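Colleague: Have a look at this one.
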Amino acid sequence: MLTRQRKQQLVEELREQFGRANGLIVADYRGIDVAAANQLRSELRKAGAGAYAYRVAKNTLLRRAAEGLAVEQAADLFQGPTAVALSFSDPVGLAKVLVEFAKQHEVFEIRGGLVEGKPVGPQEVATLATLPSLEELRARLVGLLQAPAGQIARVLAAPGGQLARLIEARRAQLEEGGAA
């Protein structure tokens, strides 16, 4: 049994996390054993490098923590056994991990959540999981930015290379003529 002081502490922790989160996904974890829950936590740690959190809490504590915050829009999802996954950076990566986990464990049911303050249902979470992650988008952007610079460098280097090949050919021609 949780003491009143511990409950207040949990509500404060949840409020702080809810305030920082830009993505929240609510799931029904009923039927998930401890090993599977630990596997999910491990996958979230590995994928998010500290940018994801996974909490299981009583619904009354979740509702109290959500009061007055944007997360309050998702309070109707806090029914039955509730697990809350939070993203502090890239909600797409969080959705990918949870959707993949739900495929492996059919009893794990994604109820919905919030992304950037907008409510999303289970289908939108699944769609979100198909999008490229923030890291993938950054890599693509860097590639797009580097491509023109590389082309410019090759164009500018081409005349110099041609001149060097021309001089080398003339030198070789003179050596052949001089040796004869």
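The values are calculated or read from the model by the stated rules, or taken from the named source; none is laboratory data. Here the structure is a predicted model, which means the values were calculated and not measured. Neighbour counts run over all protein chains shown; Cβ positions are idealised from the backbone, glycine included.
Colleague: Of the residues that make up segment 9-21, is at least one touching a residue at least 40 places away in the same chain (Cβ under 8 Å), polar (S, T, N, Q) and surrounded by 20 or more Cβ atoms within 10 Å (Cβ to Cβ)?
Modeller: no
Colleague: Let me ask something else about it. Would you mind telling me which numbered condition in (1) at negative phi; (2) in the same structural domain as residue 8 (by TED's automatic domain parsing) residue 68 fails?
Modeller: Every condition holds for residue 68 apart from (1).
Colleague: Right, something else. Please state which of the following conditions residue 54 fails to meet, knowing it meets all the rest: (1) in a helix (DSSP H, G or I); (2) within 17 Å of residue 16 (Cβ to Cβ); (3) touching a residue at least 12 places away in the same chain (Cβ under 8 Å).
Modeller: The single condition residue 54 does not satisfy is (1).
Colleague: Go through segment 86-131 and give me each residue that's of a type in the set (Ser, Thr, Tyr) and over 17 Å from residue 54 (Cα atoms).
Modeller: 127, 130
Colleague: Now a separate question. Among the residues of segment 27-71, how many are farther than 25 Å from residue 117 by Cβ and polar (S, T, N, Q)?
Modeller: Adding up the residues that qualify gives 3.
Colleague: How many of the residues making up segment 113-130 are in a loop (DSSP other than H, G, I, E, B) and either outside the structural domain of residue 23 (by TED's automatic domain parsing) or in contact with a strand residue (DSSP E or B) (Cβ under 8 Å, 6 or more places away or on another chain) (or both)?
Modeller: Residues meeting the conditions: 2.
The rows are residues; the columns are (1) within 30 Å of residue 78 (Cβ to Cβ); (2) at pLDDT below 80; (3) within 28 Å of the chain's Cα centre (by Cα); (4) part of a helix (DSSP H, G or I).
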| residue | (1), (2), (3), (4) |
| --- | --- |
| 137 | no, yes, yes, yes |
| 146 | no, yes, yes, yes |
| 152 | no, yes, no, yes |
| 157 | no, yes, no, yes |
| 173 | no, no, no, yes |
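Colleague: Run down 26, 56 and say which single residue is under 17 Å from residue 84 (Cβ atoms), β-branched (Val, Ile, Thr) and either in contact with a helix residue (DSSP H, G or I) (Cβ under 6 Å, 6 or more places away or on another chain) or not assigned by TED's automatic domain parsing to the domain that holds residue 76 (or both).
Modeller: Answer to the selection: 26.
Colleague: Give the number of residues within segment 57-99 that are buried (at least 21 other Cβ atoms within 10 Å of the Cβ), in a helix (DSSP H, G or I) and either touching a Phe, Trp or Tyr at 6+ places or on another chain (Cβ under 9 Å) or without any contact (Cβ under 8 Å) to a residue 40 or more places away in the chain (or both).
Modeller: Here the count works out to 8.
Colleague: Under 8 Å between Cβ atoms, at least 6 apart or on separate chains: pull out the pairs that start in segment 116-137 with a residue that is touching a residue at least 40 places away in the same chain (Cβ under 8 Å) and end on any residue that is surrounded by fewer than 13 Cβ atoms within 10 Å (Cβ to Cβ).
Modeller: These pairs meet every condition: 132/140.
Colleague: In segment 110-121, which residues are surrounded by fewer than 17 Cβ atoms within 10 Å (Cβ to Cβ) and of a type outside the set (Gly, Ala, Ser)?
Modeller: 116, 118, 119
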